[in-house]
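Asker: Take a look at this one; I'll ask things after.
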Amino acid sequence: MIRFEQVSVSYDGATDPAIDGVDLTVPEGELCLLVGPSGAGKSTLLGAVSGLVPHFTGGTLRGRVTVAGRDTRTHKPRELADVVGTVGQDPQAHFVTDTVEDELAYGMESLGLAPAVMRRRVEETLDLLGLADLRDRPIGTLSGGQQQRVAIGSVLTTHPRVLVLDEPTSALDPGAAEEVLAVLQRLVHDLGTTVLLAEHRLERVVQYADRVLLLPAAGVPPVIGSPAEMMALSPVHPPVVALGRLAGWRPLPLSVRDARRQAGPLRERLAGHAPRPSPAPDGGADRARPAVEAEGLSLRRGRTEALRRVDLVVRRHETVALMGRNGAGKSSLLGALIGMHRPDGGSVDVGGVAPHRTSPGRLIHRVGLVPQDPRDLLYADTVAAESAAADGDAGAAPGTCRALLDELLPDVAGGSHPRDLSEGQRLALALAVVLTSRPPLLLLDEPTRGLDYAAKERLVGIVRRLASEGHAIVLATHDVELAAEVADRVVILAGGEVVADGRTAEVVTSSPAFAPQVAKVVADGQWLTVSQVSRALAAERSGTPADHRADRTAAPDAGSSRVR
């Protein structure tokens with residue numbers, strides 16, 4: 001169905017090709033998962049299948065790519081539209097209409113399908129993706145995750161023979177991600193659709209793949225094989241695979257179910273241990289000071305009541321994860337904390353000021369937000385210019401922003417235009433820009449979207465360091481693994497209300513939807529991450545006595561638990 005014959009793609013100004021020496025075949029009716037570090041060329045390879053590379057992106061394509069027998073060099077994307085459906089990393093760039101139902105119908109209108117067929121397919125897709133309640137909603141009022149589902153649905157209605165998906169679950173909550181993946185499974189198994197997708201959250205999808213295509217690095221020819229074979233080689237892999245490597249399991253597990261079947265001896269070894277806490281920062285009285293207080297906060301966005309009487313206190317040195325399904329109010333809460341939205345009820349206090357009444361020049365040194373779409377913060381023509389502007393705006397020493405960017409995601413060329421970066425690279429740049437001003441309160445909206453595991457590990461290190469230095473951090477995320485690694489508390493929103501607020505281990509292990517993979521495998525309510533298990537096994541080998549103190553996620557000052 002998809003054939004690459006010695007394909008390489010080079011972009012103007014780049015010293016090395018984005019992809020090089022690609023020679024492979026993806027058969028009809030397979031789900032092929034594309035994995036690799038950020039910047040390895042995954043989006044370029046996907047674009048070559050849809051014809052966007054080079055017809056839309058520019059650059060030079062050498063070799064030959066054919067899809068259902070059509071050469072993408074001689075067939076532009078519109079001439080492949082009846083065969084290939086494409087959903088990119090940015091759903092907003094995908095939309096051409098104003099409402100959900102119109103967007104689902106637009107692709108079929110372009111192909112000239114009969115109205116009766118269009119109506120039936122729209123209804124089927126609304127049900128498949130859980131969008132029926134949103135059919136009349138303006139797309140601009142949807143959350144990022146809801147927009148992602150609409151973008152996927154607008155492609156599914158045309159019934160393409162090949163689906164090309166770039167990070168399809170990155171903005172989805174765990175439940176919505178499972179629904180989307182279940183739809184893809186049905187398309188592959190029942191209709192013989194060929195699905196080629198790139199995804200960094202491998203814990204969600206690797207067990208469903210028929211084959212894995214590994215891009216080790218930019219310009220390095222890919223390797224293709226079974227998921228188990230590739231996960232044994234891949235530098236990026238989900239926590240359950242990392243746990244299997246650590247415990248020496250053979251074969252390596254690809255799912256929680258696989259891991260649980262082999263986890264008996266590991267559970268016995270961990271029974272005499274408890275997760276070691278991270279060193280508590282010496283904040284003194286400063287540690288007790290609230291960085292932000294929201295009391296009775298209510299907010300309406302159009303006809304939607306986005307927040308309902310929300311109470312939230314986040315103190316210095318504390319990291320809080322906001323979780324909940326798409327549309328629960330997480331981004332609205334962050335927007336209210338930084339003054340983007342004027343409250344309709346209640347109050348917000350950030351460092352002694354009401355953010356919606358404070359000028360941006362004063363507010364930048366109190367609170368910073370990295371939004372879901374990092375392009376909202378980026379306006380310069382190059383990465384170097386963006387970094388220099390951030391230094392100037394924050395009054396920081398020259399090179400501060402660039403040093404932060406290198407720590408999070410090295411090797412981003414200073415001469416690159418921000419729009420030419422991958423989604424993960426743009427996110428890293430936006431995070432570096434915000435961190436340059438060192439705001440006491442840092443707000444992150446889906447900070448790991450587009451980041452591979454290595455980049456996420458660097459982000460975790462930065463968040464921990466900032467918390468130890470006295471920053472308060474609030475991150476809205478669907479990434480349960482990130483919350484397990486860094487959060488002192490987890491706050492779950494539903495319908496704009498706080499339904500749970502407590503220590504991380506207590507909240508996430510009480511919900512299958514929000515529990516990380518390690519917690520599901522070990523299943524004792526304490527162990528959340530591979531790093532915790534690794535430290536315990538290392539202590540056992542060295543003969544160090546087991547540390548029965550509570551983990552940082554259950555620290556006494558992390559906030560009391562409450563569930564409504």
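The values are calculated or read from the model by the stated rules, or taken from the named source; none is laboratory data. From a predicted model like this one, the values you see are computed outputs, not experimental measurements. Here the Cβ is made from the backbone with ideal geometry for all residues, glycine too, and neighbour counts use every protein chain on show. Just the protein is used for accessible areas: all its heavy atoms, side chains included, with ligands, DNA and RNA removed. Shrake-Rupley method; radii C 1.70, N 1.55, O 1.52, S 1.80 Å.
Asker: Quick test for you: out of 96, 100, 84, pick the one residue that is of a type in the set (A, V, I, L, M, F, W, C) and open to solvent by less than 10 Å² (accessible area, probe 1.4 Å).
Answerer: 100
Asker: Can we say residue 63 is in contact with a strand residue (DSSP E or B) (Cβ under 9 Å, 6 or more places away or on another chain), touching a residue at least 60 places away in the same chain (Cβ under 8 Å), open to solvent by 10 Å² or more (accessible area, probe 1.4 Å) and among the small types (Gly, Ala, Ser)?
Answerer: Against the criterion (in contact with a strand residue (DSSP E or B) (Cβ under 9 Å, 6 or more places away or on another chain), touching a residue at least 60 places away in the same chain (Cβ under 8 Å), open to solvent by 10 Å² or more (accessible area, probe 1.4 Å) and among the small types (Gly, Ala, Ser)), residue 63 does not qualify.
Asker: Given the conditions (1) assigned to a loop (DSSP other than H, G, I, E, B); (2) open to solvent by less than 30 Å² (accessible area, probe 1.4 Å); (3) at pLDDT below 90, and given that residue 21 satisfies all but one, which numbered condition is not satisfied?
Answerer: Unmet condition: (1).
Asker: Would you mind stating whether residue 476 is under 24 Å from residue 256 (Cβ atoms) and of a type in the set (A, V, I, L, M)?
Answerer: So residue 476 fails the test.
Asker: Could you check segment 165-191 and list, in sequence order, the residues that are open to solvent by less than 10 Å² (accessible area, probe 1.4 Å), touching a residue at least 60 places away in the same chain (Cβ under 8 Å) and over 16 Å from residue 34 (Cβ atoms)?
Answerer: Answer for segment 165-191, where residues must be open to solvent by less than 10 Å² (accessible area, probe 1.4 Å), touching a residue at least 60 places away in the same chain (Cβ under 8 Å) and over 16 Å from residue 34 (Cβ atoms): 171, 172, 176, 177.
Asker: Among the listed residues 427, 441, 482, identify the single one that is modelled with pLDDT under 85 and under 23 Å from residue 375 (Cα atoms).
Answerer: None of the others qualify; the one that does is 427.
Asker: Next up: Is it true that residue 73 is among the basic types (Lys, Arg), more than 23 Å from residue 452 (Cα to Cα) and part of a loop (DSSP other than H, G, I, E, B)?
Answerer: Considered against the rule, which asks whether it is among the basic types (Lys, Arg), more than 23 Å from residue 452 (Cα to Cα) and part of a loop (DSSP other than H, G, I, E, B), residue 73 comes out as yes.
Asker: Would you mind stating whether residue 239 is farther than 18 Å from residue 19 by Cβ, modelled with pLDDT of 90 or more and under 18 Å from the mean Cα position of the chain (by Cα)?
Answerer: yes
To keep it simple, each residue is scored yes or no on (1) of a type in the set (Lys, Arg); (2) surrounded by fewer than 22 Cβ atoms within 10 Å (Cβ to Cβ).
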| site | (1), (2) |
| --- | --- |
| 454 | no, yes |
| 457 | no, yes |
| 465 | yes, yes |
| 470 | no, yes |
| 480 | no, no |
| 487 | no, no |
| 492 | no, no |
| 502 | no, yes |
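Asker: Right, another one. Looking only at segment 140-161, count every residue that is farther than 17 Å from residue 110 by Cα, crowded, with 21+ Cβ neighbours inside 10 Å, touching a strand residue (DSSP E or B) at 6+ places or on another chain (Cβ under 9 Å) and not small (Gly, Ala, Ser) and tell me the total.
Answerer: Selection size over segment 140-161: 1.
Asker: Is it fair to say residue 194 is touching a residue at least 40 places away in the same chain (Cβ under 8 Å), surrounded by 22 or more Cβ atoms within 10 Å (Cβ to Cβ), over 24 Å from residue 410 (Cβ atoms) and out of contact with any helix residue (DSSP H, G or I) (no Cβ under 7 Å at 6 or more places or on another chain)?
Answerer: Yes; evaluated as a whole, the condition is true for this residue.
Asker: Within the set of pairs 6+ apart or on separate chains, which have a first residue in segment 405-430 that is over 26 Å from residue 464 (Cα atoms), a second that is among the polar types (S, T, N, Q) and open to solvent by 30 Å² or more (accessible area, probe 1.4 Å), and C-beta atoms under 7 Å apart?
Answerer: 414/382; 415/382; 416/382; 417/382
Asker: So, one more: Being surrounded by 21 or more Cβ atoms within 10 Å (Cβ to Cβ) and of a type in the set (Gly, Ala, Ser) is the filter here, so list the residues in segment 319-367 that pass it.
Answerer: Selection gives 321, 324, 327, 328, 329, 331, 332, 335, 336, 339.
Asker: Within segment 428-452, take every residue that is of a type outside the set (A, V, I, L, M) and either out of contact with any His (no Cβ under 9 Å at 6 or more places or on another chain) or not in a loop (DSSP other than H, G, I, E, B) (or both) and give me the one that is surrounded by the fewest Cβ atoms within 10 Å (Cβ to Cβ).
Answerer: Out of the qualifying residues, it is 445.
For every residue, the table says whether it meets (1) at positive phi; (2) at pLDDT 90 or above; (3) out of contact with any Phe, Trp or Tyr (no Cβ under 6 Å at 6 or more places or on another chain).
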{"residue": "494", "(1), (2), (3)": "no, yes, yes"}
{"residue": "499", "(1), (2), (3)": "no, yes, yes"}
{"residue": "508", "(1), (2), (3)": "no, yes, no"}
{"residue": "517", "(1), (2), (3)": "no, yes, yes"}
{"residue": "532", "(1), (2), (3)": "no, yes, yes"}
{"residue": "537", "(1), (2), (3)": "no, no, yes"}
{"residue": "543", "(1), (2), (3)": "yes, no, yes"}
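Asker: Here is a check on your reading of the model: is residue 447 out of contact with any helix residue (DSSP H, G or I) (no Cβ under 8 Å at 6 or more places or on another chain), closer than 20 Å to residue 322 by Cα and not hydrophobic (A, V, I, L, M, F, W, C)?
Answerer: no
Asker: Of all residues in segment 231-255, how many are surrounded by 21 or more Cβ atoms within 10 Å (Cβ to Cβ) and farther than 22 Å from residue 527 by Cα?
Answerer: 2
Asker: May I ask you to list pairs of residues, at least six apart or on different chains, whose Cβ atoms are under 7 Å apart, with the first in segment 98-115 being aromatic (Phe, Trp, Tyr) and the second being outside any loop (DSSP other than H, G, I, E, B) and open to solvent by less than 50 Å² (accessible area, probe 1.4 Å)?
Answerer: 106/154
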